[in-house]
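The values are calculated or read from the model by the stated rules, or taken from the named source; none is laboratory data. Since this is a predicted model, take the numbers as computed values, not measurements. Reconstructed Cβ throughout: ideal geometry from the backbone, glycine too, with neighbour counts over all protein chains shown.
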Amino acid sequence: EALKRIETLEPKVQSFLCVTAEKAMEQARAVDAKISAGEEIGMLAGIPIGIKDNMCTKGIATTCASRILENFVPPYESTVTQKLFDAGAVMVGKTNLDEFAMGGSTETSAYKKTANPWDLSRVPGGSSGGSAAAVAAGECVVSIGSDTGGSIRQPASFCGVVGIKPTYGLVSRYGLVAFASSLDQIGPFSRSVEDSAILLNAIAGYDPKDSTSLKVEIPDYATNLKPGSMSYNGRKIRIGIIKETFGEGLDATVEQSVNTAIEKLKELGAEIVEISCPRFRYGLPSYYIIAPSEASANLARYDGVKYGMRAEDAENLLSMYTRTRANGFGAEVKRRIMIGTYALSSGYYDAYYLKAQKVRTLIKQDFESAFEKVDVLVSPVAPTTAFKAGEKTTDPLSMYLIDLMTIPVNLAGLPGISVPCGFDNEGMPIGLQLVGNALREDLLFQVAYAYE
Ligand code: GLN
């Protein structure tokens, strides 16, 4: 059914960089065989899933939507895809993204532009736009994305689906192509909160192959969900509205929907208070130093020697490196490499990179003091709904501004979920962001489930 739907809708939506029909049928048959043999099947048995194309899949091209990895076929499986396959999931394809996950609209992909299924003239958000659009269009039941500064939550919001960025270290990054390693985290997309909870259970957990992986007990997120419950430890759940995410720059319809959602949370029994995170607004500028800095180091490995594309017409080794990189990377990726290299260079390091790291600590402290008072924080996901394709491609700053509310959550390593909370006047979906303290995905799911 999913493959049929992909065949009908792909010409319009273009969520996938490659459809892995053969692999899907093979995995589906394996589930069938298990059922016939009376063997136990995994918790995702037979569930069609899309995988963002920055996660390594053994024997299947993994391009990061970049020309430089056009011919790259990983010789190994990422931990996340391995876990999904072990649980019986059926991979229908690799989804489109902004090149190396750098962007907020999936328009920096070197291969295709994904459309928003709610209005094909609009972007699906990004960078995991393909994964969000595929679920919204019903091309797969669930999908996987990665979130460095908002790339799961923002496209989830733009496409009207649920998306969660887990606590940094909860899900293994082994086999995820690195963008900014101290921020990158993998997470699910789904139509319902419960499905995201099930999916997170399937992919979370300690992995010795990722040195930042957390050695913690993973709760059963899904079976613990109780409808309508807004109590925790025998008392009301306390929800803090992040004051600084409202006001100037926020679309009126987004503000209205989020306020209505907060009213509903109150009616459901939550205690609502206002919280101030005064350094929150410095998240964006510090992220746009830290993320490019890490990216400039991570992307140094694409030199034409070890992976993917290699310039053919070079006279010597140096020109092979430079031509490969000049031809292989797109404009946004080059911009990030240049910003990052500049920020890390001797003489500027203290003024930019080190300063940004200090601001990162201050933002973390804002969250820490907020979580002394409340269990969960609430804000809009993005200041606007999905915009028209092409609207922001010539103005990178306006594209970066979309990440204002999602970025601080990555800088602090906290979990954040986007849940649909209404539509604007043009019928475009709006997302509500719930942010939890480290490893409190259980509370996020509980509140989101009660709200949904
Ligand atoms: N839009 C942000 C950026 O361009 C976030 C991307 C992401 O989370 N991968 O960096």
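For the range 172-281, give me every one of the strands (runs of 3 or more DSSP E) that falls completely inside it and has 2 or more residues that are closer than 27 Å to THR62 by Cβ.
185-190
What residue, among those in the range 283-302 that are surrounded by fewer than 18 Cβ atoms within 10 Å (Cβ to Cβ) and touching a residue at least 12 places away in the same chain (Cβ under 8 Å), is nearest to the ligand (Cβ to nearest atom)?
For the range 283-302, the residue satisfying everything is PRO285.
Can you tell me which condition GLY50 does not meet? The list is (1) of a type outside the set (Phe, Trp, Tyr); (2) within 16 Å of the ligand (Cβ to nearest atom); (3) surrounded by 24 or more Cβ atoms within 10 Å (Cβ to Cβ), and all the others hold.
In the conditions (1) of a type outside the set (Phe, Trp, Tyr); (2) within 16 Å of the ligand (Cβ to nearest atom); (3) surrounded by 24 or more Cβ atoms within 10 Å (Cβ to Cβ), GLY50 misses (2) alone.
Please go through (1) within 16 Å of the ligand (Cβ to nearest atom); (2) among the hydrophobic types (A, V, I, L, M, F, W, C); (3) more than 14 Å from the chain's Cα centre (by Cα) for LEU414 and return the number of the only condition it doesn't satisfy.
Status for LEU414: all satisfied but (3).
Can you find a residue in the range 176-192 that is more than 24 Å from PHE367 (Cα to Cα) and β-branched (Val, Ile, Thr)?
Checked against the condition, which is being more than 24 Å from PHE367 (Cα to Cα) and β-branched (Val, Ile, Thr), the range 176-192 yields at least one hit.
Looking only at the range 136-154, which residues are assigned to a loop (DSSP other than H, G, I, E, B) and within 16 Å of the ligand (Cβ to nearest atom)?
Result: THR148, GLY149, GLY150, SER151, ILE152.
Return the pair list, or none, for Cβ contacts closer than 6 Å from residues in the range 253-276 that are without any contact (Cβ under 8 Å) to a residue 24 or more places away in the chain to residues that are outside any helix (DSSP H, G or I) and surrounded by fewer than 21 Cβ atoms within 10 Å (Cβ to Cβ), at least 6 apart or on different chains.
Within 6 Å, the pairs are LYS266/ILE272.
Search the range 167-191 for residues being more than 14 Å from the ligand (Cβ to nearest atom) and not β-branched (Val, Ile, Thr), and hand back the single one that is surrounded by the most Cβ atoms within 10 Å (Cβ to Cβ).
PRO188
Based on this model, can you work out whether ALA133 counts as more than 9 Å from the chain's Cα centre (by Cα), closer than 22 Å to LEU401 by Cα, in a helix (DSSP H, G or I) and more than 7 Å from the ligand (Cβ to nearest atom)?
Yes.
So SER121 ticks every box in (1) free of Cβ contacts under 8 Å to residues at least 60 places away in the same chain; (2) surrounded by fewer than 24 Cβ atoms within 10 Å (Cβ to Cβ) but one. Which box is left unticked?
(1)
Within the range 183-195, identify whether any single residue is of a type in the set (Phe, Trp, Tyr) and within 14 Å of the chain's Cα centre (by Cα), and answer yes or no.
yes
When you look at TYR287, is it more than 23 Å from PHE367 (Cβ to Cβ) and at pLDDT 95 or above, yes or no?
Here the answer is no, as TYR287 does not meet what is asked.
Kindly indicate whether any position in the range 132-139 is touching a strand residue (DSSP E or B) at 6+ places or on another chain (Cβ under 8 Å), under 22 Å from VAL216 (Cβ atoms), of a type outside the set (Gly, Ala, Ser) and crowded, with 23+ Cβ neighbours inside 10 Å.
No: the range 132-139 contains no residue that is touching a strand residue (DSSP E or B) at 6+ places or on another chain (Cβ under 8 Å), under 22 Å from VAL216 (Cβ atoms), of a type outside the set (Gly, Ala, Ser) and crowded, with 23+ Cβ neighbours inside 10 Å.
Report whether or not GLY93 is assigned to a loop (DSSP other than H, G, I, E, B) and buried (at least 17 other Cβ atoms within 10 Å of the Cβ).
For GLY93, the condition - assigned to a loop (DSSP other than H, G, I, E, B) and buried (at least 17 other Cβ atoms within 10 Å of the Cβ) - is not met.
Which fully enclosed helices (runs of 4 or more DSSP H) of the range 341-452 have 3 or more residues being aromatic (Phe, Trp, Tyr) and touching a residue at least 24 places away in the same chain (Cβ under 8 Å)?
It comes to 441-451.
Specify the residue that is surrounded by the most Cβ atoms within 10 Å (Cβ to Cβ); the eligible residues are those in the range 308-330 that are in contact (Cβ under 8 Å) with a residue 12 or more places away in the chain and more than 22 Å from PHE179 (Cα to Cα).
Looking at residues that are in contact (Cβ under 8 Å) with a residue 12 or more places away in the chain and more than 22 Å from PHE179 (Cα to Cα), I get MET320.
Which residues, counting only those in the range 106-165, are touching a helix residue (DSSP H, G or I) at 6+ places or on another chain (Cβ under 6 Å) and among the acidic types (Asp, Glu)?
GLU139 - this is the single residue of the range 106-165 that is touching a helix residue (DSSP H, G or I) at 6+ places or on another chain (Cβ under 6 Å) and among the acidic types (Asp, Glu).
So, SER157, is that one within 16 Å of the ligand (Cβ to nearest atom), under 23 Å from GLY431 (Cα atoms), part of a strand (DSSP E or B) and not acidic (Asp, Glu) or not?
No, not satisfied.
Only one residue in THR108, THR114 is crowded, with 24+ Cβ neighbours inside 10 Å, in a loop (DSSP other than H, G, I, E, B) and more than 13 Å from the ligand (Cβ to nearest atom). Which one?
The unique qualifying residue is THR114.
Yes/no per residue for (1) of a type outside the set (D, E, K, R); (2) in contact with a strand residue (DSSP E or B) (Cβ under 8 Å, 6 or more places away or on another chain); (3) within 14 Å of ASP403 (Cβ to Cβ):
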site	(1), (2), (3)
GLN154	yes, yes, yes
PHE158	yes, yes, yes
VAL161	yes, yes, no
ILE164	yes, yes, no
TYR168	yes, yes, no
GLY175	yes, yes, no
LEU183	yes, no, yes
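Residue by residue through the range 209-230, note down the ones that are at pLDDT 95 or above and hydroxyl-bearing (Ser, Thr, Tyr).
Correct list: SER211, THR212, SER213, TYR221.
Which one of these is modelled with pLDDT under 95 and of a type in the set (Asp, Glu): GLU263, GLU267, GLU248?
Criteria check complete, one pass: GLU248.
Would you call GLY42 within 20 Å of ILE144 (Cβ to Cβ), surrounded by fewer than 22 Cβ atoms within 10 Å (Cβ to Cβ), touching an Asp or Glu at 6+ places or on another chain (Cβ under 7 Å) and at pLDDT 95 or above?
Judged against the criteria, GLY42 is a match.
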